[in-house]
Amino acid sequence: MVYQDYKHIIPIQIRFKDTDRIGHVNNANYLTYFEQGRVEYFNTVFQRNINWEQQGFVLARTELNHVLPVYLQDRIYVGTRVAKLGNKSLTVANVLFKVENDVVTECANGLGILVAMDYTTHQSIELPALWRQLINDYEGNTL
């Protein structure tokens, strides 16, 4: 894991209800944690340069790789970055890791493909140039 590749990292609060019978965080919660990362990422990157009532994204595909279990008392974080820009979609990479005694350990990683949408027409749209620019400026590269 190269969590240093992620500029955007947020802490995740594990709730008791997130755990299963044997004390692990249930697998279904990992996608919710990645979603939290995506929401905060786009709030940071786009700030107020997008009207979420009119345009945004729909999640078209997800991939999730479980590496190590997470437990209620773990201190976990989600890293989020845009890994690829397409014409009408983008690929978001996530990593979930825990920190214990200053040791960082990867627990899961995944990808999400998001399609740009016009919510008023319910049609996919090309990624607006401003969105591309804001993402590239934040990531410090040209995707």
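The values are calculated or read from the model by the stated rules, or taken from the named source; none is laboratory data. In this text the structure is predicted, and so the values were computed from the model without any measurement. Reconstructed Cβ throughout: ideal geometry from the backbone, glycine too, with neighbour counts over all protein chains shown.
Modelled with pLDDT of 95 or more and over 20 Å from residue 10 (Cβ atoms), is that true of residue 36?
Considered against the rule, which asks whether it is modelled with pLDDT of 95 or more and over 20 Å from residue 10 (Cβ atoms), residue 36 comes out as no.
With respect to residue 42, is the statement that it is assigned to a helix (DSSP H, G or I) and either under 14 Å from residue 114 (Cα atoms) or touching a Pro at 6+ places or on another chain (Cβ under 6 Å) (or both) true? Break it down into steps so the answer makes sense when it comes.
Values: assigned to a helix (DSSP H, G or I): yes; either under 14 Å from residue 114 (Cα atoms) or touching a Pro at 6+ places or on another chain (Cβ under 6 Å) (or both): yes.
Considered against the rule, which asks whether it is assigned to a helix (DSSP H, G or I) and either under 14 Å from residue 114 (Cα atoms) or touching a Pro at 6+ places or on another chain (Cβ under 6 Å) (or both), residue 42 comes out as yes.
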State whether the residues of segment 122-137 include one that is more than 25 Å from residue 29 (Cα to Cα), surrounded by 12 or more Cβ atoms within 10 Å (Cβ to Cβ) and among the basic types (Lys, Arg). yes
What number of residues within segment 106-143 satisfy the criterion of being free of Cβ contacts under 8 Å to residues at least 60 places away in the same chain, in a strand (DSSP E or B), out of contact with any helix residue (DSSP H, G or I) (no Cβ under 9 Å at 6 or more places or on another chain) and more than 14 Å from residue 80 (Cα to Cα)? 3
What single numbered condition from (1) under 13 Å from the mean Cα position of the chain (by Cα); (2) within 15 Å of residue 107 (Cβ to Cβ) fails to hold for residue 14? (1)
Can residue 97 be described as more than 14 Å from residue 38 (Cα to Cα), of a type outside the set (Lys, Arg) and buried (at least 19 other Cβ atoms within 10 Å of the Cβ)? yes
Reported set for segment 95-105 where residues are part of a strand (DSSP E or B) and free of Cβ contacts under 8 Å to residues at least 12 places away in the same chain is 103
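Answer yes or no as to whether residue 92 is under 23 Å from residue 126 (Cβ atoms), part of a strand (DSSP E or B) and not acidic (Asp, Glu).
Values: under 23 Å from residue 126 (Cβ atoms): yes; part of a strand (DSSP E or B): yes; not acidic (Asp, Glu): yes.
The answer is yes for residue 92.
If you take the residues of segment 45-89 that are among the β-branched types (Val, Ile, Thr) and in a loop (DSSP other than H, G, I, E, B), which of them is surrounded by the most Cβ atoms within 10 Å (Cβ to Cβ)?
Kept after step one, since they are among the β-branched types (Val, Ile, Thr), are these residues of segment 45-89: 45, 50, 58, 62, 67, 70, 76, 78, 80, 82.
The next check asks that each one be in a loop (DSSP other than H, G, I, E, B); those that pass are 50, 67, 70.
Numbers: 50: 18, 67: 14, 70: 27.
The selected residue is 70.
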